[in-house]
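Student: There's a structure below that I have some questions on.
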Amino acid sequence: MNPESSSHRTSSDDECRTPRAPSKPGALESRHTRPRDRRRTTRADRADRSSRTDPDTRTGRSTRTRTRLRAEHFAILALLALPLGIALAGPFIPLAEGDRTQPFDPAAPWPGTDYLGSSVLDGILDGGWGIVVTAAAATGLAFLVGLPIGLVAAATRHRWLDEILMRPFDLLLALPSLLLMLLLAAIAPPTAWMLVLIVALVNLPDIARIVRAAALETARRPAVEALWLQGESWWRTAIGYIARSLLPTVAADAGVRLVGAFYLVAAASFLGVGAGPEASDWAVMVDVNRGGIFLSPWGVVLPAALLVALSVGLNLLFDRLLTRKAPA
């Protein structure tokens, strides 16, 4: 066999197997000369374009999106309406006063009796008001104090002022929140307003640090430098521009802090720091009635379920609000 003919045949086979690229950049490509990876990309792009231009496909996607959003809205409404409605309107619902029976009476009408022999329903209706008001007041007080401190620390041009304002919060952040709450409660009288102050003080370091971090990024923008060069006052620059840009961050953190305040207030009541054992409180009900959970479980299950529903519902609500604001 002639070697030249065999080599010529091999090179011809290779040319048949390997598609040739177009000779010029603007030359047309055929189905045989186009590379395989570009063939797949073209098919995928064609399918994507057809799905985007198909009215049935777009209608199906919009319908599924609306259905999912409605399901989320219904879940949030169901989780928040019941516990908030009971907490806010429960103390004003009149109930017939009944005689006390034996504690954890299995024969008592639903939902049974507590450790004192009183109806669990009375405690459920009266126990949510204190937690909701205390958590909301503590969160508002913490932001009322922490927001100006973080803003001043970020907008100031004096290093020593930033150090004086932030270093005490670093010491408080080193302590666990529950331990700090127990230490403060040990030296303070057990009143409702003192619990508000303790929970606000526990949340204050985190709020001040978050506000300062967000304000530092805004304070270093060229627009702020231009305001300083124009001779604008500190109040106009800090309040009119920097503080206004912090509203999305503050709104996002407020939801997290509110849920955390619910947790701290419930934990304080459960540990006996806030309300006493005789107080009508959902967290206190879980603590004092857990001994009879097998005889009268509703005294523990109902308040615990209301606390969980309230916390989860608030988390979903603020997550939904942040998701809606994100594209803007």
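Student: With the checklist (1) in contact with a Lys or Arg (Cβ under 9 Å, 6 or more places away or on another chain); (2) over 26 Å from Ala155 (Cβ atoms) in hand, flag the one item Ala261 doesn't pass.
Tutor: In the conditions (1) in contact with a Lys or Arg (Cβ under 9 Å, 6 or more places away or on another chain); (2) over 26 Å from Ala155 (Cβ atoms), Ala261 misses (1) alone.
Student: Next question. Considering Leu271, Leu197, Leu227, Leu201, which residue is open to solvent by 30 Å² or more (accessible area, probe 1.4 Å), over 30 Å from Leu84 (Cα atoms) and over 20 Å from the mean Cα position of the chain (by Cα)?
Tutor: Leu227
Student: Sticking with this structure for a sec: For the condition touching a Gly at 6+ places or on another chain (Cβ under 6 Å) and either open to solvent by less than 40 Å² (accessible area, probe 1.4 Å) or not in a helix (DSSP H, G or I) (or both), what is the one hit in Ile207, Ile242?
Tutor: Going through Ile207, Ile242 in turn, just one is touching a Gly at 6+ places or on another chain (Cβ under 6 Å) and either open to solvent by less than 40 Å² (accessible area, probe 1.4 Å) or not in a helix (DSSP H, G or I) (or both): Ile207.
Student: Looking only at region 145-189, how many residues end up being in contact with a helix residue (DSSP H, G or I) (Cβ under 7 Å, 6 or more places away or on another chain) and outside any helix (DSSP H, G or I)?
Tutor: 2
Student: Further question on the same structure: Under 8 Å by Cβ, and 6 or more places apart or on different chains, what pairs join a residue from region 226-239 that is in contact (Cβ under 8 Å) with a residue 60 or more places away in the chain and within 14 Å of Ala215 (Cβ to Cβ) with one that is of a type in the set (Phe, Trp, Tyr) and open to solvent by 60 Å² or more (accessible area, probe 1.4 Å)?
Tutor: Pairs found: Thr237/Trp228.
Student: Follow-up question, since we're still on this one. Here is a list: Leu306, Leu322, Leu314. Which entry is more than 16 Å from Gly123 (Cα to Cα), at pLDDT 80 or above and either open to solvent by less than 40 Å² (accessible area, probe 1.4 Å) or out of contact with any Asp or Glu (no Cβ under 8 Å at 6 or more places or on another chain) (or both)?
Tutor: Leu314
Student: Is region 94-109 home to any residue that is touching a helix residue (DSSP H, G or I) at 6+ places or on another chain (Cβ under 9 Å), part of a helix (DSSP H, G or I) and either among the charged types (D, E, K, R) or surrounded by fewer than 16 Cβ atoms within 10 Å (Cβ to Cβ) (or both)?
Tutor: Within region 94-109 (the criterion being touching a helix residue (DSSP H, G or I) at 6+ places or on another chain (Cβ under 9 Å), part of a helix (DSSP H, G or I) and either among the charged types (D, E, K, R) or surrounded by fewer than 16 Cβ atoms within 10 Å (Cβ to Cβ) (or both)), the answer is no, since none of the residues qualifies.
Student: Does Ala215 fit the bill of being open to solvent by less than 40 Å² (accessible area, probe 1.4 Å), over 23 Å from Gly128 (Cβ atoms) and in a helix (DSSP H, G or I)?
Tutor: yes
The values are calculated or read from the model by the stated rules, or taken from the named source; none is laboratory data. These numbers come from a predicted model, not from an experiment. Note: ideal-geometry Cβ built from the backbone for every residue, glycine included; neighbour counts use all protein chains shown. Heads up: the accessible areas ignore ligands, DNA and RNA and are worked out on the full protein's heavy atoms, side chains in. Shrake-Rupley method; radii C 1.70, N 1.55, O 1.52, S 1.80 Å.
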